[in-house]
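What follows draws every value from the coordinates through simple rules; no lab data is involved. The structure displayed is predicted, hence computed values, not measured ones. Backbone-built Cβ (ideal geometry, glycine too); neighbour counts: all protein chains shown.
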């Protein structure tokens with residue numbers, strides 16, 4: 001018994017391979033029905049057109065350009081502040097050493113070629129003297145250090161928030 | 001087994017990206033840019049917005065990569081991000097997203113009557129361009145389903161997962177979209193121009 005013509009839904013199911021048990025019956029019908037073969041051919045051509053990828057091209061360097069947007073950019077302001085802090089610390093350290101430590105003793109020892117052990121003893125005692133002088137203001141120094149740390153941390157937090165990043169990926 | 005291996009590779013790739021490996025991310029973008037461009041180019045009509053939106057999609061993916069739990073394929077997730085990014089853009093542009101679907105019960109026979117006659121298109125031989133033009137006039141869901149099914153070879157199930165629609169609805173929209181396209185093209189071209 002000849003089947004009635006295939007409906008458009010059945011043709012689409014057939015071409016999608018989703019006709020299930022009907023797949024073979026549909027194939028058999030197509031062998032004998034020119035009108036349905038023509039309808040299938042129309043859909044096949046449409047499927048080809050729908051799979052045409054023309055017009056979807058992104059630039060060749062698209063992937064690299066997106067990845068480049070993620071590369072950590074050195075923040076000019078951060079480098080500027082870091083440079084200033086390093087210079088201030090270097091100057092302050094050098095000044096403190098010249099002010100509190102009698103370097104002539106060390107220079108004499110080096111000139112006279114004294115033993116390393118003696119040099120180390122002298123250096124340790126010089127550092128102890130330096131620390132005892134600073135010890136008068138230890139609390140103030142610790143407080144100042146913590147305050148600076150908090151300011152730096154807050155600055156980093158605000159900057160991270162603005163950049164939409166986490167604190168450790170700024 | 002193949003899927004598990006693929007998933008293991010995806011995990012390793014995502015772990016490298018999360019560890020800050022930008023080359024791994026470039027590889028990820030290269031792997032999925034075809035899928036994203038299909039979706040974005042098909043849903044966004046304004047050519048000048050397309051590349052920026054593709055970039056936005058990948059940057060959004062990068063930001064939420066740590067939240068991905070591998071409960072679906074990476075491609076499904078990428079496609080979902082791209083789809084919702086496009087919807088968000090279209091909403092901002094005040095493009096009607098759902099209106100056309102409500103007219104889906106309109107008899108398909110009336111479609112041909114809206115179209116120009118074959119003679120008016122005789123000079124236009126670029127049928128692919130005409131097909132793209134017709135697709136661009138369709139509702140967003142139809143465009144998305146046609147794209148994922150025909151260009152990205154996704155199953156009804158995957159498409160349903162991406163668009164958060166029932167599988168039966170996906171199939172119904174796909175069939176109707178194809179019928180519409182076939183009728184519109186046949187209304188504008190002679191069969192021998194189209195099918196030979």
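Counts of other chain beta carbons within 10 angstrom of each beta carbon in peptide A:41-48 average 5.
Please order B:49, A:57 by the number of other Cβ within 10 Å, starting at the fewest.
If I rank by nearby Cβ atoms, fewest first, I get A:57, B:49.
Within 10 Å of the Cβ of each residue in B:59-65, the mean number of Cβ atoms contributed by other protein chains is 2. Going by neighbour counts of Cβ atoms within 10 Å, the residues B:65, B:148, B:174 line up, fewest first, as B:65, B:174, B:148.
As a proxy for reagent exposure, B:77, A:79 were ordered by neighbouring Cβ count within 10 angstrom, fewest first; the result is A:79, B:77.
When each of the peptides B:138-146, B:13-21 is scored by how many other beta carbons lie within 10 Å of its residues on average, the order from highest to lowest is B:138-146, B:13-21.
When Cβ neighbours within 10 Å are restricted to other protein chains, what is their mean count per residue of peptide A:54-60?
Values: counts 4, 7, 14, 4, 11, 3, 0.
If you average over the peptide's residues, the count of other-chain Cβ atoms is 6.
Kirkwood radius for the stretch B:2-92, taken over all pairs of different Cα atoms as the inverse mean of 1/r, rounds to 13.6 Å.
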